[in-house]
Amino acid sequence: MPKKVHETPMLDQLESGPWPSFVTGLKRLAQDNDMMADLLGQLEASYQDKKGYWKGGTIGVYGYGGGVIPRFTELKDANDKPRFPAAAEFHTLRVQPPAGMHYDTATLRKLCDIWEKHGSGLIALHGQSGDIMFQGATSERVQPAFDELNEAGFDLGGAGPALRTSMSCVGAARCEMSCFDEARALRAVINPNLDDMHRPALPYKFKFKFSGCPNDCVNSIQRSDFAVIGTWRDNIRIDEALARAWFAGHGMEQLVNDVVTRCPTKALSVKRAGTESKAAHVSAVRMSDDQVLEIDNHDCVRCMHCLNVMPGALLPGKDRGVTLLVGGKSVLKIGSTMGTVVVPFMKLETDADLERLGELARNVIDFFADNALEHERIGETIDRIGLANFLEGVGLPIDPNMIVEPRANPYVRTDGWDEEVAKWEERKRDAA
Amino acid sequence: MAAAHRAPIESGVPDPMPLMHPVMRKNYGKWVYHNHPKPGVLYHRAAGGDEIWTVKAGTQRQLDVHSIRKLCDIGDRYADGHLRFTARSNVEYMVADASKVDPLIEALSAAGFPVGGTANSVSMIAHTQGFLHCDIPGTDASGVVKALMDELYEEFVKCEMPNRVKLSTSCCEINCGGQADMAIIMQHTKPPKINHDLVANICERPAVVARCPVAAIRPALVNGKPSLEVDEKKCVCCGACYPPCPPMQINDPEHSKIAIWVGGKNANARGRPTFHKLVASGLPNNPPRWPEVAAAVRKILATYKADARPWERMVDWIERIGWPRFFEKTGLPFTKYHIDDWRGARRTLNASTHIRF
Ligand code: HEM
Ligand code: SF4
Ligand code: SF4
């Protein structure tokens with residue numbers, strides 16, 4: 001016998017309107033799930049009182065120290081009994097999705113069946129870190145739910161001071177801007193480090209994210225401690241037929257206003273056909289019989305704007321790889337910080353390249369584990385010790401691509417100048 | 001009597017390849033062109049000539065199994081049995097045959113999933129857990145998003161903005177919802193109210209002291225019990241102390257307000273990535289539909305839509321017209337709270353005579 005459904009006058013107002021209603025979904029679940037019936041009761045109380053009524057605790061699965069978010073109700077009656085007892089325990093399992101969040105329907109149906117059997121039937125696709133969030137299980141059912149999800153090929157994600165679930169863009173699966181195999185790189189970095197995800201022992205959270213190009217569709221630069229973003233070193237590639245088609249449809253006005261003037265480094269110019277530069281680092285696109293769009297690839301910062309406006313006509317070059325940025329995070333404690341460049345370019349094509357990325361990732365995690373203060377993100381550590389010390393700690397060479405501009409104050413002790421110059425000369429020799 | 005425990009299989013991130021639409025798998029890394037035939041639909045072509053159409057639709061993100069099965073039914077019937085989700089909880093179906101696009105759109109629309117969210121749309125709002133599952137929320141997440149997406153529905157399905165618009169909501173200042181063109185974030189206005197009877201038992205006091213970004217918390221004896229006290233002149237009401245110490249209640253049904261931030265951009269396109277900036281605050285936390293917040297969001301978006309040039313994201317538009325005109329055009333008041341005084345803030349002051357008249 002399903003439980004009596006509580007009155008929910010405020011939530012009911014979220015059932016109207018054109019956008020799909022989560023309330024309607026919760027109510028549908030409540031028809032045959034007591035936990036969901038009571039969850040609606042507590043949620044309505046939160047709406048009435050403008051207060052949250054959950055507290056944390058410790059719930060986990062055998063063998064792991066994290067990945068489950070425990071929730072116990074704090075909404076009690078005068079006798080200290082939960083007002084909504086069937087939802088008194090409402091734990092979440094964070095589960096790592098397939099990279100790129102691709103599914104076939106059989107897999108999704110299996111996940112639904114498992115969660116209908118053991119939990120509330122409510123699944124978030126997906127959390128902001130990327131997890132499939134299976135929300136609403138009693139303490140008792142967390143383990144059996146995990147066992148079945150795990151047997152189905154899924155594993156818990158991260159929570160607490162741990163390596164967190166990662167995310168990659170759709171990238172190579174369906175995007176011409178993609179400069180590396182995002183899904184493969186994600187799995188090559190995360191899967192060897194699961195111990196740090198499943199047994200939280202880092203100073204605080206640590207997130208990796210993977211975007212195939214500087215459009216950064218998964219927001220790695222702001223939301224991850226370690227961002228891997230695709231880029232290229234050689235010239236922008238050209239498809240003249242598509243460029244001409246674009247120009248025929250859009251005309252000179254849009255070429256100038258929407259493309260040329262929006263280039264952040266003024267790398268673009270419009271030339272009369274025949275007058276374009278023949279230099280090796282220049283891409284010249286014949287837009288029509290008379291007009292050429294010229295790209296100075298040395299000045300181009302790979303911002304993606306012109307490629308976005310003229311899809312297919314301009315494409316990333318062939319000498320592709322990634323830029324690595326470290327230190328992105330949200331507000332706490334020093335204010336939001338973006339990831340900043342620690343490796344301007346590395347190739348990411350062969351197994352050896354992926355291994356090198358894996359080693360570097362491991363180095364940075366180890367440095368974080370050894371040097372960050374408790375509850376400090378790596379961006380804050382870098383803020384505290386300075387980028388140069390961080391680089392030295394993880395064994396990366398300095399590079400002028402890491403700064404927007406050199407220091408504008410003299411407050412620095414420079415008696416090591418000659419040695420530093422010697423290092424620079426040596427690096428230049430090695431690179432040559 | 002030790003019960004036999006099943007050891008977990010530490011399989012980590014599943015391989016997406018077997019789950020991916022076969023045309024995507026076959027052309028993995030070989031795409032060369034895309035366009036936007038109509039709102040909610042993307043067309044991609046691979047080097048060898050293979051084509052794929054994507055139909056994108058909004059979901060409620062907090063999905064009951066019945067809704068997920070409905071999405072699966074649509075996938076089985078109209079889209080070769082595959083689907084994927086975007087970082088903003090939109091669902092995407094891929095089909096290798098143009099004639100399958102319209103029936104798919106009809107099926108999604110009939111099932112109540114709005115088709116759109118591509119190109120220059122206001123896409124689904126990245127959001128958090130709120131009252132449903134968070135232990136520290138000042139307001140709800142899913143409800144705010146439902147209320148706002150009802151208001152912004154036309155912009156989701158029509159894709160007529162100057163450029164992409166990404167929104168986020170967060171039910172506390174920690175901002176799990178993230179940076180966005182426009183972010184709607186809880187803003188506390190009063191220091192935490194401390195239940196001194198509970199602090200000693202629940203809170204690890206030195207850890208709580210260390211969390212405060214302005215060193216406003218210190219250990220104290222209150223009514224003979226070890227507790228914590230807050231220097232209310234220093235406190236910036238950020239709520240950082242609340243997660244590690246729930247007796248330091250920061251949420252206040254009346255005084256916790258909602259703020260709006262604009263101009264965040266994570267893409268590197270044109271200018272470097274930017275963080276969103278505070279433009280409005282003091283909006284009431286008014287469930288279940290937050291009408292004051294919705295009105296402010298609509299006003300800012302309408303101003304941007306009318307005034308921005310093609311390809312200008314919110315931040316590009318504001319960089320062109322300048323902040324004074326942003327406040328003028330949106331009708332939002334400019335206050336002393338808009339002037340940053342956190343570390344490094346002088347960088348945000350106008351150290352020039354560049355002034356637009
Ligand atoms: C204590 C209570 C907290 C709760 C209940 C909570 C809940 C969540 C949840 C459910 C997500 C999405 C997770 C996923 O996709 O798996 C998330 C993401 C996030 N959380 Fe929290 N969070 C809390 C505290 C914090 C704190 C203290 C920070 C501070 C720095 C924080 C910053 C973030 C950020 C930035 C994200 C988005 C991450 C991304 O996009 O990768 N959260 N949070
Ligand atoms: S980040 Fe770049 S490669 Fe990845 S999906 Fe976005 S545009 Fe495509
Ligand atoms: S990709 Fe390069 S050339 Fe194109 S607009 Fe950006 S910086 Fe300019």
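The values are calculated or read from the model by the stated rules, or taken from the named source; none is laboratory data. All figures in this text were calculated on a predicted structure; none of them were measured in a lab. Here the Cβ positions follow ideal geometry from the backbone for every residue, glycine too, while neighbour counts run over all protein chains shown.
Restricting to strands (runs of 3 or more DSSP E) lying wholly in the stretch B:189-269: which have 3 or more residues that are under 30 Å from the mean Cα position of the chain (by Cα)?
Counting at least 3 such residues, we get B:257-262.
Being surrounded by fewer than 18 Cβ atoms within 10 Å (Cβ to Cβ), under 30 Å from B:ARG25 (Cα atoms) and not assigned by TED's automatic domain parsing to the domain that holds A:MET197: is that true of A:ALA106 here?
yes
Enumerate the pairs (first residue in the stretch B:278-295 and farther than 19 Å from A:MET10 by Cβ; second residue anywhere and small (Gly, Ala, Ser) and surrounded by 16 or more Cβ atoms within 10 Å (Cβ to Cβ)) with beta-carbon separation below 8 Å, excluding pairs fewer than 6 apart on the same chain, so at least 6 apart or on different chains.
Pairs found: B:LEU278/B:ALA259; B:ALA280/B:ALA259; B:ALA280/B:ALA296; B:SER281/B:ALA259; B:GLY282/B:ALA259.
Table: residues versus (1) within 30 Å of A:LYS266 (Cβ to Cβ); (2) buried (at least 17 other Cβ atoms within 10 Å of the Cβ); (3) more than 13 Å from every other protein chain (Cβ to nearest Cβ).
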position: B:ILE250; (1), (2), (3): no, yes, no
position: B:LEU283; (1), (2), (3): no, yes, yes
position: B:GLU292; (1), (2), (3): no, no, yes
position: B:ALA302; (1), (2), (3): no, no, yes
position: B:ALA308; (1), (2), (3): yes, yes, no
position: B:VAL315; (1), (2), (3): yes, yes, no
position: B:ARG320; (1), (2), (3): yes, no, no
position: B:THR335; (1), (2), (3): no, no, yes
position: B:ASP341; (1), (2), (3): no, no, no
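Restricting to the stretch A:284-299, count the residues that are surrounded by fewer than 21 Cβ atoms within 10 Å (Cβ to Cβ) and either closer than 19 Å to A:TRP232 by Cα or within 8 Å of ligand 3 (Cβ to nearest atom) (or both).
The total comes to 6.
Identify the residue in the stretch A:254-286 that is closer than 17 Å to A:PRO316 by Cβ and of a type in the set (A, V, I, L, M) and, among all such residues, is farthest from ligand 1 (Cβ to nearest atom).
A:VAL282
If the Cβ limit is 7 Å and pairs must be 6+ apart or interchain, which residue in the stretch A:311-335 that is at the interface with another protein chain (Cβ under 7 Å from one of its Cβ atoms) and within 17 Å of A:VAL282 (Cα to Cα) pairs with which residue that is of a type in the set (D, E, K, R) and surrounded by 20 or more Cβ atoms within 10 Å (Cβ to Cβ)?
A:LEU315/A:GLU176
Just give me the residues in the stretch A:143-157 being more than 16 Å from A:ALA106 (Cα to Cα) and within 16 Å of ligand 1 (Cβ to nearest atom), in sequence order.
A:PHE146, A:ASP155, A:LEU156, A:GLY157
Which one is surrounded by the most Cβ atoms within 10 Å (Cβ to Cβ), of the residues in the stretch A:306-341 that are of a type in the set (Lys, Arg) and in contact with a Cys (Cβ under 9 Å, 6 or more places away or on another chain)?
Among those that are of a type in the set (Lys, Arg) and in contact with a Cys (Cβ under 9 Å, 6 or more places away or on another chain), it is A:ARG320.
Does B:PHE113 meet the test of being closer than 29 Å to A:ASP216 by Cα, outside any strand (DSSP E or B), aromatic (Phe, Trp, Tyr) and at the interface with chain A (Cβ under 10 Å from one of its Cβ atoms)?
Yes.
Mind listing whichever residues of the stretch A:95-137 are within 16 Å of B:GLN62 (Cα to Cα) and in contact with a Gly (Cβ under 7 Å, 6 or more places away or on another chain)?
Answer for the stretch A:95-137, where residues must be within 16 Å of B:GLN62 (Cα to Cα) and in contact with a Gly (Cβ under 7 Å, 6 or more places away or on another chain): A:VAL95, A:PRO97, A:TRP115, A:GLY119, A:SER120, A:LEU122, A:GLN128, A:ASP131, A:MET133, A:PHE134, A:GLY136, A:ALA137.
Just a yes or no: is a residue in the stretch A:10-26 within 16 Å of ligand 1 (Cβ to nearest atom), at pLDDT 95 or above, assigned by TED's automatic domain parsing to the domain that holds A:ALA145 and polar (S, T, N, Q)?
No, the conditions are met nowhere in the stretch A:10-26.
Within the stretch A:194-221, track down each residue that is at the interface with chain B (Cβ under 9 Å from one of its Cβ atoms) and more than 16 Å from ligand 1 (Cβ to nearest atom).
A:ASP195, A:CYS213, A:PRO214, A:ASN215 - these are the residues of the stretch A:194-221 that are at the interface with chain B (Cβ under 9 Å from one of its Cβ atoms) and more than 16 Å from ligand 1 (Cβ to nearest atom).
Which of the residues that make up the stretch B:60-82 are touching a His at 6+ places or on another chain (Cβ under 8 Å) and either facing another protein chain (nearest Cβ under 8 Å) or β-branched (Val, Ile, Thr) (or both)?
The answer is B:ARG61, B:GLY75, B:HIS82.
Just to check your reading of the model, which residue among A:GLY136, A:GLY158 is assigned to a loop (DSSP other than H, G, I, E, B) and either within 16 Å of ligand 2 (Cβ to nearest atom) or more than 7 Å from chain B (Cβ to nearest Cβ) (or both)?
One residue alone meets the criteria, A:GLY158.
Select from the stretch A:362-374 the residues that are within 14 Å of chain B (Cβ to nearest Cβ) and at pLDDT 95 or above and write down the one among them that is nearest to A:LEU324 (Cα to Cα).
Result: A:ALA372.
List the residue pairs whose Cβ atoms are under 9 Å apart, where the first residue sits in the stretch A:406-429 and is hydroxyl-bearing (Ser, Thr, Tyr), the second is in a helix (DSSP H, G or I), and the two are 6 or more positions apart or on different chains.
Final answer for the pair search is A:THR414/A:GLU420.
Answer yes or no as to whether A:ASP383 is assigned to a helix (DSSP H, G or I) and in the same structural domain as A:SER330 (by TED's automatic domain parsing).
Against the criterion (assigned to a helix (DSSP H, G or I) and in the same structural domain as A:SER330 (by TED's automatic domain parsing)), A:ASP383 qualifies.
Pairs only if they're at least six apart or on different chains, beta carbon under 7 angstrom, first in the stretch A:88-113 and within 7 Å of another protein chain (Cβ to nearest Cβ) and in contact (Cβ under 8 Å) with a residue 12 or more places away in the chain, second polar (S, T, N, Q) and assigned to a strand (DSSP E or B); list them, first residue then second.
Short answer, once both residue conditions are applied: A:THR92/A:GLN135; A:ALA99/A:SER168; A:GLY100/A:SER168.
Which of the numbered conditions does B:GLU204 fail, given that it passes all the others? Conditions: (1) within 12 Å of ligand 1 (Cβ to nearest atom); (2) under 27 Å from A:GLU89 (Cα atoms).
With respect to (1) within 12 Å of ligand 1 (Cβ to nearest atom); (2) under 27 Å from A:GLU89 (Cα atoms), B:GLU204 is out only on (1).
Here are B:TYR93, B:TYR43, B:TYR33: which of them is more than 9 Å from every other protein chain (Cβ to nearest Cβ), of a type outside the set (D, E, K, R) and closer than 30 Å to A:ALA188 by Cβ?
Exactly one of B:TYR93, B:TYR43, B:TYR33 is more than 9 Å from every other protein chain (Cβ to nearest Cβ), of a type outside the set (D, E, K, R) and closer than 30 Å to A:ALA188 by Cβ, namely B:TYR93.
Among the residues of the stretch B:202-211, is there at least one that is away from every other protein chain (no Cβ under 12 Å) and more than 16 Å from ligand 3 (Cβ to nearest atom)?
yes
Does A:GLY251 satisfy the criteria of being modelled with pLDDT of 95 or more and assigned by TED's automatic domain parsing to the domain that holds A:LEU307?
yes
Based on what the data block shows, is A:GLY395 under 26 Å from A:PHE180 (Cα atoms), over 22 Å from the mean Cα position of the chain (by Cα) and in the same structural domain as A:GLU176 (by TED's automatic domain parsing)?
yes
So if I check each of A:THR261, A:THR231, which one is of a type in the set (Ser, Thr, Tyr) and not in a strand (DSSP E or B)?
A:THR261
Among the residues of the stretch A:138-149, are any without any contact (Cβ under 8 Å) to a residue 60 or more places away in the chain, crowded, with 21+ Cβ neighbours inside 10 Å and over 20 Å from the mean Cα position of the chain (by Cα)?
Yes, the conditions are met somewhere in the stretch A:138-149.
Does the stretch B:140-151 contain at least one residue that is touching a residue at least 24 places away in the same chain (Cβ under 8 Å), outside the structural domain of B:CYS72 (by TED's automatic domain parsing) and in a loop (DSSP other than H, G, I, E, B)?
Looking through the stretch B:140-151, at least one residue is touching a residue at least 24 places away in the same chain (Cβ under 8 Å), outside the structural domain of B:CYS72 (by TED's automatic domain parsing) and in a loop (DSSP other than H, G, I, E, B).
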